[in-house]
Amino acid sequence: MSISALRDRLNALDGQSYKAYKSLRGQHALGDCTLHIDYVQGDPFAAPSRLRISVSQVIAQFSPRFYNTDVRRIALEDYLIRQFRDQARLIDRTAGSGKSGLIEIVRPSQAILPRTAASVCEERVELRFMVGLPAFGRRIAGRQAAALICDRLPLLIKKTLHFSQLDEAAVQAHCDGAEVADTLRQQLRDRQLVAFVADGSILPRQSGVNERPLQSGAVTFQSPESLRVELSLPHGQTVTGMGIPQGITLIVGGGYHGKSTLLRAIEAGIDNHIPGDGRERVVTDAAALKVRAEDGRSVAGVNISPFINHLPQGRSTAQFSTQDASGSTSQAASIVEAVEAGATALLIDEDTSATNFMIRDRRMQALIAKDREPITPFVDKVRQLKDDYGISTILVMGGSGDYFDVADTVIALDNYQPQDVTAQAQAIAAAQQTARQAEGGNTFGNLSPRIVLPESIDASKGKRAVSLKARATDEIRFGTEAIDLSAVEQLVETGQVKAIAAAIVYAQEYYVDGQRSLVSALEAVMADVETYGLDCLRDRLTGEFVGFRLLELAAALNRLRTLQCRLESPESD
Ligand code: ADP
Ligand code: MG
């Protein structure tokens, strides 16, 4: 059907009841692009209709150099989503009731992430977005709909998906920037680094709720000389900055001198960032995980015995479950879960840690004997975590010098400027012995895999077999349960949370069989996403899914309050 035929159809719907829009479901020719109307809203106030538009590369004309690697393609797709949003904002909204005339695409953060809202391949370019089909009251506004779909949308698509209409230098910078970050991140393991912060980076953000870079008064990052490394860029150039070595790194310094800001930039370094973010060249090992205390969280059969033993009333900690963990047990469980899920580095801030989990000083050891204290503090385990499991730790710790004994690197922040104070800290540790007794044995402890009981995952609610909702990056409504993700801090977009919710249901449907371990079931999900794309997670197409890591998927499942696990018994294979 041609564009004029679609226009005639829309005009003919004018004045009819809103339900008549349902007849538009399906595929339509729209000039030189193809429009798919995948879902039609029930009324003008309901969630808007879902549309998809694809344009052949014959018309769109993107050079393969913008999408010939996954990293560059994802960056191009990211750029197109942002371009669509910017251009859509310039369009006058069609008059009408409720969501009439709304044009909306998923909202990206500062990170460049794979999203189902855009896809680019050799044949075509596609965008998925939402439109409020126009109405006055509950009557179809047919002429407004025709103007919206047949005039405004094609123009918007042209300004977004025709390469000739775009700022070529900006597209190039977007793709190159992502490639640079990826190249830097790939060098970390060979150089035995956990993170790299390029000289000149801008780490502080505008505010706790605004992820854009601080505009005025930001002190740009300069590496201390002794930690400065040089990494290579794609075309033979190099970049210098601070390399944080594998092992145990302390970030110390006075209050308000920028410690948490540095750690947060490192947390964000698992993702690539858009040009102008200030953290474009701050990169972190892809499997680095922020962990924190989170009292009140649930825990399902986790072996927290490396940290916590002989609880009152003889409760077992080798298979520990609770609906209401304390600060210390929650942090212990999160660390053991991180080890189980394959984290290679832990990122911890004293601001969000349980003090009694982090330290137990000599005086307290003298007052409360070890057999009266279930907790082995992290200071006695952090070295074993590295030696036994190869897991590094970056720790913000301004309040206790007990960690000097175990630290490989100590970075002090002074007026936002980092200094290497490793030698001083080690000299102080040698001169002022704490005479602490190490606790908790010589090894971290063995962790046997957990197996999920399939019936303990249930997304149904009332008559609906699957009911999922996401609220910001903080919560999943999973059937009748709420999964609290506020302590899973490296999630940056609601679309990640939506995709994770769907991934849990998918895991339950295909891989959680009472035999596979929790992690191997989730690995199978990630392998499918890798092969088939995020679309495989749900039976209908959505423009709302955003890529996520296994670490966050596991973190979400681990916080499902109905979850039950058993430990793999040694005799079963
Ligand atoms: P700490 O954890 O050491 O107490 P924060 O990291 O919370 O300190 O930083 C304190 C304040 O300083 C924050 O408002 C932060 O935005 C700001 N800040 C951090 N780093 C810089 C910087 N490089 N330039 C300017 N302001 C900064
Ligand atoms: Mg702080």
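The values are calculated or read from the model by the stated rules, or taken from the named source; none is laboratory data. None of these values were measured; they are calculated from a predicted model. Positions of Cβ are backbone-derived with ideal geometry, glycine not excepted, and every protein chain shown enters the neighbour counts. All accessible areas refer to the heavy atoms of the entire protein, side chains included, with ligands and DNA or RNA removed. Shrake-Rupley method; radii C 1.70, N 1.55, O 1.52, S 1.80 Å.
Brief remarks on what is shown
- Answer residue from region 72-114, given it is without any contact (Cβ under 8 Å) to a residue 12 or more places away in the chain and part of a helix (DSSP H, G or I) and is nearest to Glu489 (Cα to Cα) among those: Asp86
- Here Thr409 clears all of (1) open to solvent by less than 50 Å² (accessible area, probe 1.4 Å); (2) in contact with a Ser or Thr (Cβ under 8 Å, 6 or more places away or on another chain); (3) more than 25 Å from Thr220 (Cα to Cα) except the condition numbered (3).
- Filtered by the rule that a residue be away from ligand 2 (no atom under 16 Å from the Cβ), within 18 Å of Gln417 (Cβ to Cβ) and in contact with an Asp or Glu (Cβ under 7 Å, 6 or more places away or on another chain), region 207-254 gives Pro213, Phe221, Gln222, Ser223, Pro224, Ser226, Leu227, Thr240, Gly241.
- Some residue of region 447-460 being at pLDDT 95 or above, under 23 Å from the mean Cα position of the chain (by Cα), among the aliphatic types (A, V, I, L, M) and closer than 29 Å to Lys259 by Cα: no
- Each residue in region 228-282 was checked for being more than 22 Å from Glu350 (Cα to Cα), open to solvent by 20 Å² or more (accessible area, probe 1.4 Å), within 16 Å of ligand 1 (Cβ to nearest atom) and touching a Pro at 6+ places or on another chain (Cβ under 9 Å), and 0 of them qualify.
- Residue in region 351-368 that is under 27 Å from the mean Cα position of the chain (by Cα), surrounded by 19 or more Cβ atoms within 10 Å (Cβ to Cβ) and more than 16 Å from ligand 2 (Cβ to nearest atom) present: yes
- Matching residues, region 497-519, being within 20 Å of the chain's Cα centre (by Cα) and open to solvent by 10 Å² or more (accessible area, probe 1.4 Å): Lys498, Val505, Tyr506, Val519
- Close contacts from region 210-221, counting a first residue that is without any contact (Cβ under 8 Å) to a residue 12 or more places away in the chain and a second that is near ligand 1 (Cβ under 10 Å from one of its atoms), with Cβ to Cβ under 9 Å and a gap of 6+ residues or different chains, come to Gln215/Gln206; Gly217/Pro204.
- Residues (assigned to a loop (DSSP other than H, G, I, E, B), away from ligand 1 (no atom under 16 Å from the Cβ) and surrounded by fewer than 22 Cβ atoms within 10 Å (Cβ to Cβ)) located in region 373-400: Glu373, Pro374, Gly390
- Residue pairs whose Cβ atoms lie under 9 Å apart, separated by 6 or more positions or on different chains, with the first residue in region 524-541 and free of Cβ contacts under 8 Å to residues at least 12 places away in the same chain and buried (at least 16 other Cβ atoms within 10 Å of the Cβ) and the second among the aromatic types (Phe, Trp, Tyr) and assigned to a helix (DSSP H, G or I), do not occur.
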